[in-house]
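Okay, structure first, notes after.
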Amino acid sequence: MAWSGGSFTRTDGTRTGSTVWAQAKAAAVKIISADHDTHDQDLATGINQCINKDGSNTVTGNLDLGSKKLTSLAAGSGAGDSVRYEQTALLAVQNVFTKRQEWAKGGDIASASPLVIDTDGNMFDVTGTTGFSAMTVAAGTWFILQFDGALTMTHGAGTLDLPWGANITTATGGMALCVATAANVVRVVSYITATTAQQHTLLGLVIGTDVQADLDVPSQAEAEAGTATNERVWTAQRVGQAIAALETAVSQANQAAIEAETNENTYIPPDLLKHNPGVAKGWVVFQVDGTVDANLNVSSVDDDGTGDFGVNWGTDFSGNDYVCVGTAEEATDFRCVHVSTKTGATAEIEVKNAANSLSDPDKTHVIAYGDQS
């Protein structure tokens, strides 16, 4: 009979119990080998179903310890090992994640008040539009809700704590990160919207009044024509196209326009800047014998006698009506420089002393302004 219901009973195939052989004697049964084989095999079957203390056989079912405990248990050190009491105490103090943690996607939750958080995951889609001010959830649970439509979560301190203590009207795609700080007490750590427009609506902001409207990029035609008058986002490409258009549209000013200071959309290149009325067209520093030390637009200086010089321009002035002035460089005496006569090609310069007599200074400086040929 061996094991039955957790109890072992001896048998020789005919008699059972703790007095199998006494029963056989009382029945005048002689020693029969078949009875002994049955009885011994029954014992072997019972022993084979026991746990060997050296670990040489394997448990084939769950063990019911009858509210007893295992003592002197070795500490678990790998997957599948048992855990000692002190190891479970450490788990309550610290849990270090060494690999990626994955949150399971649970089934959809129909909106209701209170909203009941299921236990089949940590991420849920909330369907429907029924608002709520409380949730039913176990303490310590972290979870994410994604809303499929518009509903109102009503703030309630100590029940449903919302950011800034304000109600939240959800929109499609909005998501809330939540934690149950106690049973059925939920704090919404964060709520994000699916679009910028939803965010503006949630915060009660008006585009163009409280929030600047989204800026767009001008078209190439607008950039080249300079017609993008409202606020825009200028990319490097559009800036380059605008500059290229300006370079094509703006022409070079000519000499006449520069001299007349005409108000026009042109530019002055460096080689024509000299034609501006405010720029000197010629200047020179020369010695008493006419030797030129430095100059602009002076071909030569004539020494026509004591205190008498002729300045010859490289490029002629357009007429005689140009400004020409000079100064004398003299260490020991006063000198006065004046222009005696001038043409478009030459300016005659006289230098006189305090007695009004022609006199040679150490050096003479002459500068002229006006239009050139």
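The values are calculated or read from the model by the stated rules, or taken from the named source; none is laboratory data. Note that this is a predicted model, so its numbers are computed, not measured. Cβ sites come from the backbone with ideal geometry, for glycine too, and all protein chains shown count toward neighbours.
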Scope the stretch 164-191; condition outside any strand (DSSP E or B), of a type in the set (A, V, I, L, M, F, W, C) and buried (at least 18 other Cβ atoms within 10 Å of the Cβ); matching residues: Ala171
Strands (runs of 3 or more DSSP E) within the stretch 293-345 that include 2 or more residues among the polar types (S, T, N, Q): 298-305, 336-342
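Residues that are in a loop (DSSP other than H, G, I, E, B) and touching a His at 6+ places or on another chain (Cβ under 8 Å): does the stretch 154-163 have at least one?
Yes.
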Of the criteria (1) in contact with an Asp or Glu (Cβ under 7 Å, 6 or more places away or on another chain); (2) under 18 Å from Ser111 (Cβ atoms), which one Ser133 fails: (1)
Number of the condition not met by Trp283 [criteria: (1) touching a residue at least 40 places away in the same chain (Cβ under 8 Å); (2) more than 25 Å from Asn254 (Cβ to Cβ); (3) part of a strand (DSSP E or B)]: (2)
Selection count, the stretch 48-78, where residues are under 59 Å from the mean Cα position of the chain (by Cα) and either over 23 Å from Phe8 (Cα atoms) or basic (Lys, Arg) (or both): 10
Unmet criterion (only one of (1) modelled with pLDDT of 80 or more; (2) outside the structural domain of Leu145 (by TED's automatic domain parsing); (3) surrounded by 11 or more Cβ atoms within 10 Å (Cβ to Cβ)) for Gly226: (1)
Test set (1) surrounded by 16 or more Cβ atoms within 10 Å (Cβ to Cβ); (2) out of contact with any helix residue (DSSP H, G or I) (no Cβ under 7 Å at 6 or more places or on another chain) - His155 fails condition number: (2)
From Ala328, Ala368, Ala345, residue being of a type outside the set (Lys, Arg), in contact with a strand residue (DSSP E or B) (Cβ under 9 Å, 6 or more places away or on another chain) and in contact (Cβ under 8 Å) with a residue 60 or more places away in the chain: Ala368
